[in-house]
């Protein structure tokens, strides 16, 4: 479904037939929030990222759209992709490689996530400078920007889930209206049910080696929440 169709569906769900008070801009924003929240829960969208190694640099900031790391590899000197084992952890490095902090630069052989960065060990030597590290990650997909756009990577049968999210959040605003609150709870339940079914679909269609990887912590600057349930909506 296109953004225009989803916006129309949202108006059906909320019985808001005009653009006052539910403007198109507000409807679009709610649909975007739904996309962010659903991708955060189900991790259905994936993309490849390429980062060049830099001599003696161990920490590389990650794109803010990344949710989790599925695999890490690097382009070796003979132009083949080689897996970088991981993820590991600071605790494991401290236990198994006590001198890792002072280790000489060499070929990176391990990685882990710390905050919104990927860290490799050992630090790359000059031989590996500008050699690309390749990440496959789950992501928050790009938002729909035009009315003719459709949700990126979202299976068609889950398109309506975005309108359900938007209806939940819009109706929840009217705290004094018992009918609005009842319908908000209904659409919340519908959204959460869809989200869990999508999550199961994603997990069941990934092999064991491509299962969900470690999550990346990051701060978004667009003001949208990506938590499944707001604290005030918990029952």
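Each value in this text was obtained by applying a stated rule to the coordinates, not by laboratory testing. None of these values were measured; they are calculated from a predicted model. Cβ sites come from the backbone with ideal geometry, for glycine too, and all protein chains shown count toward neighbours.
General remarks:
- Of all the options 119, 140, 127, the one that moves most in a Gaussian network model of the chain with Cα springs shorter than 10 angstrom is 127.
- Efficiency of FRET between residue 126 and residue 205 - r from beta-carbon atoms, R0 45 angstrom, step 0.05: 0.60
- Modelled spin-label separation between residue 8 and residue 178, with each label point placed 7 Å from Cα along the Cα-to-Cβ direction: 3.5 nm.
- Kirkwood hydrodynamic radius of the range 118-197, Cα pairs, Å: 16.5
- Taking every alpha-carbon pair under 8 Å whose residues sit at least 6 apart, the range 46-138 reaches a relative contact order of 51 percent.
- Protection proxy ranking, highest mean first, for peptides 190-202, 16-28: 190-202, 16-28, where packing is the per-residue count of other beta-carbon atoms within 10 Å, averaged.
- Semi-axis lengths, largest first, of the ellipsoid equivalent to the range 96-165 are 42, 15, 9 Å, with √(5λ) applied to each eigenvalue of the Cα gyration tensor.
- Spin-label model distance (nm) - residue 114 vs residue 159, 7 Å beyond Cα toward Cβ: 4.5
- Space enclosed by the convex hull of the alpha-carbon atoms of the range 46-138, per residue, Å³: 87
- With Cα atoms defining each centre, the range 145-192 and the range 37-55 are spaced 25 Å apart in the structure.
- Net lengthening on full extension, residue 55/residue 1 (0.36 nm per residue, minus Cα-Cα): 14.7 nm
- Panel order for 146, 67, 38, by other beta carbons found within 10 Å of each beta carbon, from fewest to most: 146, 67, 38.
- Values of log10 I(q)/I(0) for the chain across q = 0.07, 0.09, 0.16 Å⁻¹ run -0.31, -0.49, -1.06, by the Debye formula with one identical scatterer at each alpha carbon and no solvent.
- Each 10 Å bin from zero up to the one holding the largest Cα-Cα distance in the range 1-101 carries the following percent of pairs: 11, 26, 23, 16, 13, 9, 1.
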